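Step one of this worksheet: look at the structure below.
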Amino acid sequence: MWRSIQEKYPDIRIVTVEPSKTSFQRGKTAFVVELKTARINAVDPEKSWMEEIPKVARDFFKLTIQHLEISLCDRLGLRLVYFKEFKDREQAASAFHAMDLVQVPDGKRFDVDQHPVNQQYVLRWESEKKGALVQCRAETRKTDWDPPIESVRFWGPVHREQNGIVVDIDYYTVAPVEVGQLDMGEWSKHALHVISRDIRYLFKE
Amino acid sequence: MATLTNIIEFSRSYEPRTPVGADAPTATVEAGERKPPETVTLAGDGDGARLTERNQELQSLRLTQKELYPAQQAFSTEHVTALRLLGEGIVESKRALDAIASRDVLIADLEMQKLQMLLPELFCCRALGDGFGTLVNSLMSAFEGLAGETPNTDQMRMMSRVLRLLSDKPFLSTSEADEQLDALESVGLNPYPAELMDFLSSEQSVR
């Protein structure tokens with residue numbers, strides 16, 4: 001299977017090979033096939049990649065289904081995670097508050113004078129056939145990394161804190177889908193359209 | 001967001017169904033500018049279960065094409081054209097069957113001719129998959145093999161069944177399509193192009 005994927009994308013490189021999981025990488029995109037799941041995962045995708053995703057998805061899932069002789073998909077999912085950075089935790093919290101998604105009581109609460117920080121708002125819609133989970137949260141990300149002694153010449157330590165708002169949308173099917181019904185390229189275009197159409201309520205557009 | 005006070009937690013109902021993997025996202029989105037997301041995960045979970053074992057369950061639960069592809073603006077040209085033509089073809093084959101039931105062979109013949117006229121355009125949508133192309137081609141060959149004769153009731157039923165199958169599963173595999181070729185043959189239709197049959201029976205093919 002991987003050989004045929006490599007024929008389509010010769011610059012793909014191996015990351016993990018285990019009996020229950022194999023993963024490959026091409027630029028910022030990971031291709032993973034493990035027990036019960038096949039997945040494409042992209043971090044910091046370029047704008048052009050978002051246009052390319054239907055084609056990549058079509059090729060990758062078609063070959064996976066064909067080689068592993070899958071006849072039924074239990075679930076399809078598209079998850080998009082957006083992050084907007086703010087100067088500090090308080091600014092992220094006040095930006096979240098300004099979105100007016102949750103009602104916050106004024107004044108001192110739980111013996112704390114300050115306004116709430118790292119707020120979170122979660123909604124799930126789910127029927128017997130499809131579902132979506134929307135999460136919006138003010139988040140603090142801490143990275144503390146010291147390079148191993150043999151690598152200190154090449155890399156310095158990383159100690160960084162990022163504050164921002166995360167919007168995380170997971171759109172998925174609940175009912176099974178026969179492979180004859182499915183073209184992941186087409187489905188991803190529809191899923192992207194539905195997400196970008198319906199997520200606007202968060203920002204009161 | 002982890003709580004600071006450890007307790008035994010119940011499983012959280014807001015756990016996403018699509019895991020993003022171990023990569024830690026790092027990018028930012030600038031204000032006022034439309035940017036791509038920092039992480040995109042596209043997943044398909046399959047256990048390769050045999051359809052026959054789950055047929056009953058599937059019929060009540062399965063997603064239809066409309067439910068699976070709900071956004072009119074997101075369709076590719078081939079997909080939306082194929083669904084439109086298949087819809088028309090199904091209506092015409094139903095009208096033909098109704099006409100046969102009321103012994104109006106002339107109307108039945110007219111409706112089947114209309115169906116035949118749709119097939120070349122439908123064949124132009126074969127980018128949907130090899131299975132799709134194979135089945136549309138087999139219907140064209142079947143009509144050609146009839147040489148102008150009106151298909152009988154069983155043949156009409158079978159063609160209608162093939163159109164319904166294509167409408168429900170336009171991305172079907174070639175092996176699934178091959179099963180339908182056998183079904184078309186079983187009602188006396190010839191789903192193979194005449195040129196192919198001539199070539200296979202000629203001396204040229206033996207060499």
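The values are calculated or read from the model by the stated rules, or taken from the named source; none is laboratory data. These numbers come from a predicted model, not from an experiment. All Cβ positions, glycine included, derive from the backbone under ideal geometry; neighbour counts span all protein chains shown.
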Revision key, fill the gap. Residues of segment A:94-128 being without any contact (Cβ under 8 Å) to a residue 40 or more places away in the chain and not in a loop (DSSP other than H, G, I, E, B), in sequence order, are A:Ser94, A:His97, A:Ala98, A:Arg109, A:Val112, A:Gln120, A:Tyr121, A:Val122, A:Leu123, A:Arg124, A:Trp125
Practice item. Give the residues of segment A:144-175 that are in contact with a Phe, Trp or Tyr (Cβ under 7 Å, 6 or more places away or on another chain) and in a loop (DSSP other than H, G, I, E, B), sorted by residue number. Key: A:Pro147, A:Pro157
**Study point:** Filter result for B:Pro37 (buried (at least 19 other Cβ atoms within 10 Å of the Cβ) and either modelled with pLDDT under 80 or in a loop (DSSP other than H, G, I, E, B) (or both))
**Key:** yes
Practice item. Restrict the check to segment A:82-91 and report whether at least one residue is within 26 Å of B:Leu61 (Cα to Cα) and buried (at least 16 other Cβ atoms within 10 Å of the Cβ). Key: no
Review point. Any residue in segment A:78-93 that is free of Cβ contacts under 8 Å to residues at least 60 places away in the same chain and within 14 Å of chain B (Cβ to nearest Cβ)?
Key: yes
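Restricting the search to segment A:35-93, which residues are basic (Lys, Arg) and assigned to a helix (DSSP H, G or I)? Talk me through it step by step, then tell me what you get.
Residues of segment A:35-93 that are basic (Lys, Arg), as a first pass: A:36, A:39, A:47, A:55, A:58, A:62, A:75, A:79, A:84, A:87, A:89.
Hits for segment A:35-93 are A:Lys47, A:Lys55, A:Arg58, A:Lys62, A:Arg89.
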Practice item. Only residues that are facing chain B (nearest Cβ under 10 Å) and buried (at least 20 other Cβ atoms within 10 Å of the Cβ): list them for segment A:145-165, please. Key: A:Gly164, A:Ile165
Check your understanding: Quick one: how many residues across segment A:42-52 are of a type outside the set (A, V, I, L, M, F, W, C), under 18 Å from A:His190 (Cα atoms) and at the interface with chain B (Cβ under 7 Å from one of its Cβ atoms)?
Key -> 1
